[in-house]
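The values are calculated or read from the model by the stated rules, or taken from the named source; none is laboratory data. Just so it is clear, the structure is predicted and the values come from calculations on it, not from any experiment. Every residue, glycine among them, receives a Cβ derived from its backbone with ideal geometry; neighbour counts consider all protein chains shown. Heavy atoms of the whole protein, side chains included, go into the accessibility calculation; ligands, DNA and RNA do not. Shrake-Rupley method; radii C 1.70, N 1.55, O 1.52, S 1.80 Å.
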Amino acid sequence: MCGIVGYLGHNEAVPVLINGLKRLEYRGYDSAGIAVLNDSGIDVVKEVGKIRNLETVLAAGAPKGTIGIGHTRWATHGQPNQVNAHPHSDQSGNIVLIHNGIIENYTVLKKILQNKGHEFKSDTDTEIIAHLVEENYNGDMEKAFRESLLRLEGTYGIALITNHEPGKIFVARKGSPIVIGVGENEFFVASDVTPLVPYTRNVFYLEDDEMAVISESGIITKTIHNKTIEKKLEKVTFDLEAIEKEGYDHYMLKEIFEQPKTIMDCMRGRIMREEGLVKLGGLRDIENKLINANKIYFTASGTSWHAALIGEYLIEEYCRIPVEVEYASEFRYRNPIIRSDEIVIAISQSGETADTLAALREGKHKGATVLGIVNTVGSTIARETDAGVYIHAGPEIGVASTKAFTSQVTAILLITLMIARRKHMSVVQAKQLIDELLRLPENVEKILAQNDKIKEMADIYRNEKNFLYLGRGYNFPVALEGALKLKEISYIHAEGYPAAEMKHGPIALIDENMPVVFIATKDAIYDKVISNIEEVRARKGRVIIVASEGDTKIAKYGDHVIYIPESSQALSPLLTVIPLQLLAYHIAVLRGCNVDQPRNLAKSVTVE
Ligand code: G6P
């Protein structure tokens, strides 16, 4: 997804912009560009592909100046090419801007502007904003900017510089995050805090329909309806080291290996073992509503949706509250029946996914209490929910989600325990689950210790064209997640199914060329999964099994078996998913894929 940076201060802008853009690379992009303001006007440099392409051009002569903006573009309107890359300018070249989001009424506006003589160079929706501001400019840039924003339908995060008022950066937000950093006589703009942290930890966020005018003398913040507003500075507390690779080859591998810690971080300070209680500060005010809820909706996208499916199994089993899990993209448009005594829980790593945000707003609009299970602190979903639980997994840079998934499931387990204990769960039963939760980090370590063995397996399967992942009960969502991980990063076609459902279709695909990954841990439906494995073997399918430690009989059923520590059914997804993450990772690396930034995918999908 696109990234924005901006700088106004006393240092050269280009290095600050380039460093900032690099820190936003994890969001996914296909072109990058900068614009710098100086005495001779505004210099724009943009290139297709990686930031290093832009750097190569800049090495031959970077524009000088202490005010500038930079952008990484993830194409939505028009091909990823140099013309469509940001920054974009007006007809005269005096107004230059960058934009995240989508302008929905851009075709109408474009027509109006064309009729007034404006000529457009690109296929983007963004370019019309620059022309619109030009059209509205009458000696007062702030007014022209504001009036233009009022004409835009859709979403935007915008940063604009202009020769008309050269000492300023104009920014605005509707739907696409904008954070402003305040340093010593210098100011920074970005779409999240990561580019700002090397320079300042004092920041504030623009809310929807807010704008700011940044100049040497300070920042003026207003609504786009011209009402002056006061913004409070917040301190960014996370550590920059947390977003570096720490010696791992890829962020994804680092994040997989972080899971013993991140699972623990999610539980830290929230469990009172002796009383068998869970305290979640973020839910305190709505705890009673949650306990008395007649129904809970989980809504999410991608990997977060798989965590939601596990949530359905957990809450229905332990809390006896009916749960529905909905893809956010469907929920937002299908006019769901939601009552005021129901709860909508949005799950999102980034807290910015457009569909999930829209689904949550739909729930709110219908009167439900809306909660968030979110990783990114201060993100839009976190701010728009009535209450919520942060998963505290730290920044997740690899586009394919790993540690956020296990922390989401951990957070749902904590919510489950909190509700169940208030309803009918005994202290003894709660303590059993809590003890198992507390053993999770150590058990995850035991699985991670098998990394080399999983890598050897990956080598055997690296050239396959298809994979099937099968699991039942709590491990059906894990089968879906295992398949998603593989397809996201290795581009091998993979499908996840409930194991028993295989005979209703996927079984037709099975022959000696079809590897099938089974999750067959020792639980109530173990024998049934074994029967499903036999069905695959009878058709010469190759079988990889994730099984429980100490299961001596399983080896004969599989070509390869990965053993994981025994656990209760409810907690098993937090273990079974780990070898599947590693398998996908190693297959992708062996195939030479860019695991941290897979093609066509974005970390934070802030468009529909
Ligand atoms: C994108 C990412 C996925 C993620 C999904 C939902 O598709 O590539 O890894 O699971 O968005 O993102 P969220 O931030 O809402 O959890």
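Within the stretch 294-318, the set of residues being polar (S, T, N, Q) and either open to solvent by less than 10 Å² (accessible area, probe 1.4 Å) or within 12 Å of the ligand (Cβ to nearest atom) (or both) comprises Thr299, Ser301, Thr303, Ser304. If I filter the stretch 327-339 for residues that are over 25 Å from Pro395 (Cβ atoms), touching a Ser or Thr at 6+ places or on another chain (Cβ under 9 Å), of a type in the set (Lys, Arg) and within 15 Å of the ligand (Cβ to nearest atom), do I get at least one hit? Yes; the residues of the stretch 327-339 include at least one that is over 25 Å from Pro395 (Cβ atoms), touching a Ser or Thr at 6+ places or on another chain (Cβ under 9 Å), of a type in the set (Lys, Arg) and within 15 Å of the ligand (Cβ to nearest atom).
From the set of residues in the stretch 103-129 that are among the hydrophobic types (A, V, I, L, M, F, W, C) and touching a helix residue (DSSP H, G or I) at 6+ places or on another chain (Cβ under 9 Å), which is farthest from Val189 (Cα to Cα)? Across the stretch 103-129, the extreme among qualifying residues is Ile112.
Among the residues of the stretch 285-293, is any away from the ligand (no atom under 16 Å from the Cβ), open to solvent by 20 Å² or more (accessible area, probe 1.4 Å), touching a Gly at 6+ places or on another chain (Cβ under 7 Å) and in contact (Cβ under 8 Å) with a residue 24 or more places away in the chain? Checked against the condition, which is being away from the ligand (no atom under 16 Å from the Cβ), open to solvent by 20 Å² or more (accessible area, probe 1.4 Å), touching a Gly at 6+ places or on another chain (Cβ under 7 Å) and in contact (Cβ under 8 Å) with a residue 24 or more places away in the chain, the stretch 285-293 yields no hits at all.
Taking residues in the stretch 28-50 that are in contact (Cβ under 8 Å) with a residue 24 or more places away in the chain, and partners anywhere that are among the aromatic types (Phe, Trp, Tyr) and open to solvent by 30 Å² or more (accessible area, probe 1.4 Å), the pairs with Cβ atoms closer than 8 Å and at least 6 places apart or on different chains are Gly28/Trp74; Tyr29/Trp74; Asp30/Trp74. Given the condition under 23 Å from Ala420 (Cα atoms) and either open to solvent by 50 Å² or more (accessible area, probe 1.4 Å) or touching a residue at least 24 places away in the same chain (Cβ under 8 Å) (or both), answer yes or no: does some residue in the stretch 248-261 qualify? The answer is no, given that none of the residues of the stretch 248-261 is under 23 Å from Ala420 (Cα atoms) and either open to solvent by 50 Å² or more (accessible area, probe 1.4 Å) or touching a residue at least 24 places away in the same chain (Cβ under 8 Å) (or both). Within the stretch 373-385, residues that are among the hydroxyl-bearing types (Ser, Thr, Tyr) and open to solvent by 30 Å² or more (accessible area, probe 1.4 Å) reach partners that are more than 11 Å from the ligand (Cβ to nearest atom) and assigned to a helix (DSSP H, G or I) with beta carbons closer than 9 Å, at six or more positions or on different chains, in the pairs Thr376/Ala382.
Taken over the stretch 29-69, the residue count meeting the criterion of being within 16 Å of the ligand (Cβ to nearest atom) and out of contact with any Ser or Thr (no Cβ under 8 Å at 6 or more places or on another chain) is 1. Within the stretch 407-427, can you find the residues that are of a type in the set (Gly, Ala, Ser) and surrounded by fewer than 23 Cβ atoms within 10 Å (Cβ to Cβ)? If the condition is that a residue be of a type in the set (Gly, Ala, Ser) and surrounded by fewer than 23 Cβ atoms within 10 Å (Cβ to Cβ), then Ser426 is the only one that fits.
Scanning the stretch 469-485 for residues that are of a type in the set (D, E, K, R) and under 12 Å from Ala499 (Cα atoms) yields a single hit, Arg472. For the stretch 262-284, a tally of residues being buried (at least 18 other Cβ atoms within 10 Å of the Cβ) and at positive phi returns 1. Condition check: out of contact with any Asp or Glu (no Cβ under 6 Å at 6 or more places or on another chain), without any contact (Cβ under 8 Å) to a residue 40 or more places away in the chain, open to solvent by 10 Å² or more (accessible area, probe 1.4 Å) and within 25 Å of Gly181 (Cβ to Cβ). Does Glu25 satisfy that? It is false that Glu25 is out of contact with any Asp or Glu (no Cβ under 6 Å at 6 or more places or on another chain), without any contact (Cβ under 8 Å) to a residue 40 or more places away in the chain, open to solvent by 10 Å² or more (accessible area, probe 1.4 Å) and within 25 Å of Gly181 (Cβ to Cβ).
Of the numbered conditions (1) in contact with a Lys or Arg (Cβ under 7 Å, 6 or more places away or on another chain); (2) away from the ligand (no atom under 16 Å from the Cβ); (3) in a strand (DSSP E or B), Val370 satisfies every one except a single condition; which is it? Of the numbered conditions (1) in contact with a Lys or Arg (Cβ under 7 Å, 6 or more places away or on another chain); (2) away from the ligand (no atom under 16 Å from the Cβ); (3) in a strand (DSSP E or B), the odd one out for Val370 is (2). Looking across Ala499, Ala458, Ala430, one residue alone is in contact with a His (Cβ under 6 Å, 6 or more places away or on another chain) and open to solvent by less than 30 Å² (accessible area, probe 1.4 Å). It is Ala458.
Selection of the stretch 389-398 for residues being open to solvent by 10 Å² or more (accessible area, probe 1.4 Å) and within 11 Å of the ligand (Cβ to nearest atom) yields an empty set. Residue under question is Arg332, and the condition is that it be open to solvent by less than 60 Å² (accessible area, probe 1.4 Å), touching a residue at least 60 places away in the same chain (Cβ under 8 Å) and basic (Lys, Arg); does it hold? The answer is no for Arg332.
Note on the stretch 583-603: residues that are closer than 22 Å to Val478 by Cα and either more than 15 Å from the ligand (Cβ to nearest atom) or open to solvent by less than 30 Å² (accessible area, probe 1.4 Å) (or both) amount to 12.
Scanning the stretch 151-166 for residues that are over 22 Å from the mean Cα position of the chain (by Cα) and modelled with pLDDT under 95 yields one hit, Glu153.
Taken as a whole, the condition of being more than 30 Å from Arg439 (Cα to Cα) and acidic (Asp, Glu) does not apply to Glu549.
Before we move on, is Gly505 of a type in the set (Gly, Ala, Ser), touching a strand residue (DSSP E or B) at 6+ places or on another chain (Cβ under 7 Å) and either more than 16 Å from the ligand (Cβ to nearest atom) or open to solvent by 10 Å² or more (accessible area, probe 1.4 Å) (or both)? For Gly505, the condition - of a type in the set (Gly, Ala, Ser), touching a strand residue (DSSP E or B) at 6+ places or on another chain (Cβ under 7 Å) and either more than 16 Å from the ligand (Cβ to nearest atom) or open to solvent by 10 Å² or more (accessible area, probe 1.4 Å) (or both) - is not met.
Taking the conditions exactly as written (surrounded by 20 or more Cβ atoms within 10 Å (Cβ to Cβ), within 26 Å of Asp43 (Cβ to Cβ) and either without any contact (Cβ under 8 Å) to a residue 12 or more places away in the chain or among the aromatic types (Phe, Trp, Tyr) (or both)), does Ala144 satisfy them or not? Yes.
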